[in-house]
1. Identify, by number, the condition in (1) within 19 Å of L40 (Cβ to Cβ); (2) surrounded by fewer than 16 Cβ atoms within 10 Å (Cβ to Cβ); (3) touching a Gly at 6+ places or on another chain (Cβ under 7 Å) that G56 doesn't meet.
2. When you scan the chain for strands (runs of 3 or more DSSP E) that lie fully inside it, which ones turn up with 3 or more residues that are among the small types (G, A, S)?
3. When both residues are 6+ apart or on different chains and their Cβ atoms are under 8 Å apart, which pairs have a first residue that lies in the stretch 76-92 and is farther than 22 Å from D29 by Cβ, and a second that is part of a loop (DSSP other than H, G, I, E, B) and of a type in the set (V, I, T)?
4. For G44, state whether it is modelled with pLDDT under 95, among the small types (G, A, S) and under 20 Å from V107 (Cα atoms).
5. What's the total number of residues in the stretch 61-83 that are under 11 Å from the mean Cα position of the chain (by Cα), over 16 Å from P47 (Cβ atoms) and surrounded by fewer than 18 Cβ atoms within 10 Å (Cβ to Cβ)?
Amino acid sequence: MSNENATTFRVRAEDRPGAVLIVAEGELDLVGAPRLIDALPPAGTSPVILDLDAVGFMDSSGLRSLLEARQACLDAGRTFAIARPSDAVQRVLELVDLTREFEVVEVPALS
């Protein structure tokens, strides 16, 4: 039996000038959602930008993780935004009428 689902979502955090960029790739679902939350920076004041360009699938668990990530940042006094939402992400946000809940920004340059 394969453990293929364990590798269908990857996330990494990158320090960029003026922001922390979190890059998500793959399927943002029940398996991937906790990984997204775990990738949030534990401390700091820099804005958090979540790059969703490479997310090919998102379900309600993924949507919940976006809302939780935003709230965790707001509770910590950080701003939170998404960048380059993929068609899959955009479709879910539109379906549940949450497109206005997320600020959409450009990916910050490396330097």
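The values are calculated or read from the model by the stated rules, or taken from the named source; none is laboratory data. Since this is a predicted model, take the numbers as computed values, not measurements. Glycine gets a Cβ as well: all are built from the backbone with ideal geometry, and neighbour counts include every protein chain shown.
1. Result: G56 passes all but (1).
2. 19-28
3. G77/T45; R78/T45
4. Yes; evaluated as a whole, the condition is true for this residue.
5. Residues in the stretch 61-83 being under 11 Å from the mean Cα position of the chain (by Cα), over 16 Å from P47 (Cβ atoms) and surrounded by fewer than 18 Cβ atoms within 10 Å (Cβ to Cβ): 3 in total.
The rows are residues; the columns are (1) out of contact with any Cys (no Cβ under 9 Å at 6 or more places or on another chain); (2) under 15 Å from V11 (Cβ atoms); (3) among the hydroxyl-bearing types (S, T, Y).
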residue: L28; (1), (2), (3): yes, yes, no
residue: P34; (1), (2), (3): yes, yes, no
residue: I37; (1), (2), (3): yes, yes, no
residue: T45; (1), (2), (3): yes, no, yes
residue: L50; (1), (2), (3): yes, yes, no
residue: V55; (1), (2), (3): yes, yes, no
residue: M58; (1), (2), (3): yes, yes, no
residue: L63; (1), (2), (3): yes, no, no
